[in-house]
Amino acid sequence: MIKRSLKNTKYEPSNTITIDSDSDFINYGFPGSGTTEDPYLIQRLNITASSGDLIAIHNTQVFFIIRTNYLYGLTGSQGWILFDYVQNGRVENKIVKNVMVVGICIYFSSYNTIINNSDSHCGISGIHAELSSLNNIIIANTVFNNAGNGIQVGKYALRHVKFTTTWQSG
């Protein structure tokens, strides 16, 4: 469950984020160098949008962390954090609310960690992984009040799921 200390976190308002390659982390000006010791950081942002993805990352292999963000989908927002052909990403201490589809969606992505997040009021599920998403770790997440599954693991999506709390999901 998200620690109470995040309740008082100050978030910087931000537009939605779309990363289409490793170099886009530099283009956005995110701190870090993309290594295991110095991953790029996307943190302390408040992203609210009425359409599209809140954070979408495609075709990357560098190391990065999406940490301590508040993401809110207004009516009509597809929502989510999307990983599409992504390796070496980490999502932690993130709050997603009120998106039409999924809080975190992982497609064709490997070696990512989803830890200590809260996903609620999502139209389908809080966390969704499928389509050859291998060797991802999903641990210590809280997903609730979602219309469908709390965590949905699709065909050909093999990974570890440990210590995850799910309640009041369809």
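The values are calculated or read from the model by the stated rules, or taken from the named source; none is laboratory data. Computed from a predicted structure; not experimentally measured. Quick reminder, even Gly has a Cβ in these numbers, built from the backbone with ideal geometry, and neighbours come from all protein chains shown. Surface areas here come from the heavy atoms of the whole protein model, side chains and all, with no ligands, DNA or RNA. Shrake-Rupley method; radii C 1.70, N 1.55, O 1.52, S 1.80 Å.
Numbers at a glance
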{"quantity": "Subset of region 54-92 [in a loop (DSSP other than H, G, I, E, B) and either modelled with pLDDT of 95 or more or closer than 15 Å to S23 by Cα (or both)]", "calculated": "Q61, V62, F63, N88"}
{"quantity": "Tally, over region 119-151, of residues that are open to solvent by 10 Å² or more (accessible area, probe 1.4 Å), in a strand (DSSP E or B), modelled with pLDDT under 80 and more than 21 Å from G52 (Cβ to Cβ)", "calculated": "2"}
{"quantity": "Residue list for region 19-30, filter: touching a Phe, Trp or Tyr at 6+ places or on another chain (Cβ under 7 Å) and either part of a loop (DSSP other than H, G, I, E, B) or surrounded by fewer than 17 Cβ atoms within 10 Å (Cβ to Cβ) (or both)", "calculated": "F30"}
{"quantity": "Residue count for region 31-69, restricted to those that are open to solvent by 50 Å² or more (accessible area, probe 1.4 Å), in contact with a strand residue (DSSP E or B) (Cβ under 8 Å, 6 or more places away or on another chain) and not polar (S, T, N, Q)", "calculated": "4"}
{"quantity": "Leading residue by the ranking (modelled with the highest pLDDT) among those in region 97-109 that are buried (at least 19 other Cβ atoms within 10 Å of the Cβ) and outside any loop (DSSP other than H, G, I, E, B)", "calculated": "I106"}
